[in-house]
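First up is the structure itself, then whatever we jot down about it.
The values are calculated or read from the model by the stated rules, or taken from the named source; none is laboratory data. Values in this document were obtained by computation on a predicted structure and should not be read as measured data. Here Cβ is always computed from backbone atoms with ideal geometry, including for glycine, and neighbour counts include all displayed protein chains. These area figures cover heavy atoms from the full protein model, side chains too; ligands, DNA and RNA do not enter into them. Shrake-Rupley method; radii C 1.70, N 1.55, O 1.52, S 1.80 Å.
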Amino acid sequence: MNFSPLDFLESIFFEFRYAPLIIQIAIIFVFVAIGMTLLAYASILRRRFRGFRRDTKITQLNEQIDDLLIENVLSQDPEAVETPGQTAEAAAAAFQLKPFDTRWGRQVLIDRLINYRNNVRGTMGDEIRTLYLLLELDKDSFKKLKSRKWNRKVRALNELSSMEIGVADVIILPLTNSRNRELRAAARQAYIKLSKNEPFKFFDLATEPLLQWDQVELFRIITTTPHIAIPNFAQWITYSTNKSVVSFCLKLVIHYHQLKAIPAVMKLLDTKDHLLRAEAINCLGKMKIADAEEKLVYIYNNQPLDCQIEILKALGRIGSGRHTEFLRQEFMLSTDFELRKNAAKSIINNQSADSSIVDELMATASPENKLILKHCMNPLIKF
């Protein structure tokens, strides 16, 4: 006897209807789980397909942009251009195409122009910037800067700073104290690049900390941006209440060898924050400030371990040879391995002033201390 599909469904419904309640619940959960799994896979496939189509369209549009740039900008002889921007003006007409009328197409064009400008310098870089302005792509960037979404603001700041488009202080300075870390970092980096007169003004207003990675990026931007006005960092070392700003300024004092900031650094030796105190000692050592040696030795016994280590390193970096006896005592009598190691390294650095001390220590030191000395005498080992 043959059953029709309708009869089969009716039998299944009958079995389900008169099954125990726990079985009914289990069956429902199974079907819900299967349905949700199918929906999840469908969503993943749809997203991947849309991503593939988007990437394909971007690749095709980038190829079109590359052809237009090569034909109208990059292949032009810079010496044949009579006035700046002449090449870009002629190229702007070539970009009046339908794909660049949409917001999506203009964003692809912005990203491609920025990529070229980051890899092209001189006259060609200026022509690409002029093309960006002639096509009024800066309006798109400023529109993103007004968005409520932080990621769009970050994108706008990166675009404007890459193209060196000025942004008013009233717009960008509040962003340097944003609660969002990414937006705060992007605003600070953009402000240093775009501000011509006071690129470090946000130091005065900074309430949020400069994180370590932010300091690395800011340091790179400051030291690689041409024609940046470098101030006396002593003002922030003295008056800033943001400890991370003071710490960052100490690094900049070392890099730019600002001897005029040394009095402000010396005052930090009396600060209650031992981390800042250690960084100040590190700064004095790397700057080789011989006048600081007496105070460093005087305060040594009242310092925590990290400050004592920095004092020993500083005496070795300065290398005047006036405190080799102090270093010898620390090496011989200290019970902490780090102190003995750094005292030994500083003794080696000072041996040009007193060459007999190393021979004396090698003759009288304990076996462990001899190993430390031999380790420190190896010029290939850095610490």
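Brief remarks on what is shown
- Accessible area in square angstrom per residue, the stretch 254-383, 1.4 angstrom probe: 52
- The chain pair-distance distribution - Cα-Cα, 20 Å bins, rounded %: 20, 31, 26, 18, 5, 0
- Hydrophobic, long helices, defined as DSSP H runs whose alpha-carbon span along the helix axis is 27 Å or greater and whose mean Kyte-Doolittle value is at least 0.0, occur in the chain at 21-69.
- The stretch 61-214 - accessible surface per residue (Å², probe 1.4 Å): 55
- Distance in nm between pseudo-label sites at E63 and Y18 (7 Å out along the Cβ direction from Cα): 6.7
- Helical content of the chain, expressed as a calculated mean residue ellipticity at 222 nm, amounts to -21000 deg cm²/dmol (DSSP H runs of 4 or more residues, -39,500 (n - 2.57) each, divided by residue number, nearest 500).
- Of all aspartates and glutamates in the structure, those lying under 17 Å Cα to Cα from K146, and not within fewer than 8 positions of it along the same chain, are E136, D138, E159, D169, E182.
- Contour excess over end-to-end distance, with Cα ends at L74 and K196 and 0.36 nm allotted per residue: 41.0 nm
- Estimated inter-spin distance, M332 and H375, nm [label 7 Å along Cα→Cβ]: 2.1
- Given their separation in residues at 0.36 nm each and the Cα-Cα distance between them, T271 and V32 gain 79.6 nm when the chain is fully extended.
- Mean sequence separation of contacting Cα pairs (under 8 Å, at least six apart), scaled by the length of the stretch 201-318, corresponds to a relative contact order of 21 percent.
- Each principal axis of the Cα cloud of the stretch 166-227 was taken in turn, and the coordinate range along them, longest first, works out to 30, 26, 18 Å.
- Surface composition of the chain: carbon plus sulfur atoms contribute 56% of the solvent-accessible area (1.4 Å probe, protein chains only, all chains present).
- Violating pairs (Cα-Cα greater than 25 angstrom) within the set K98/K149; K201/K251; K272/K341; K267/K313: K98/K149; K272/K341
- Under 16 Å from the Cα of K139 - lysines, other chains or at least 8 residues apart: K153
- In the stretch 230-287, inverting the average of 1/r over every pair of distinct C-alpha atoms gives 10.8 Å as the Kirkwood radius.
- Taking label positions 7 Å along the Cα-Cβ direction at both R54 and E360, the computed distance is 7.3 nm, reported to one decimal.
- Debye, to nearest 20: dipole size of the chain, +1 on Lys, Arg Cβ, -1 on Asp, Glu Cβ: 860
- Whole-number D in µm² s⁻¹ for the stretch 254-383, Kirkwood Cα-pair radius fed into Stokes-Einstein, 20 °C, 1.002 mPa s: 143
- Counting only protein chain heavy atoms and rolling a 1.4 Å probe, the accessible areas of D270, D138 rank, largest first, as D270, D138.
- DSSP-assigned coil residues among trypsin sites (Lys or Arg not before Pro) in the stretch 99-196, each with at most 14 further Cβ atoms within 10 Å: R121, K146, R148, K149, R179, K196
- The distance linking the stretch 289-359 with the stretch 37-72 is 62 Å (Cα centroid to Cα centroid, whole angstrom).
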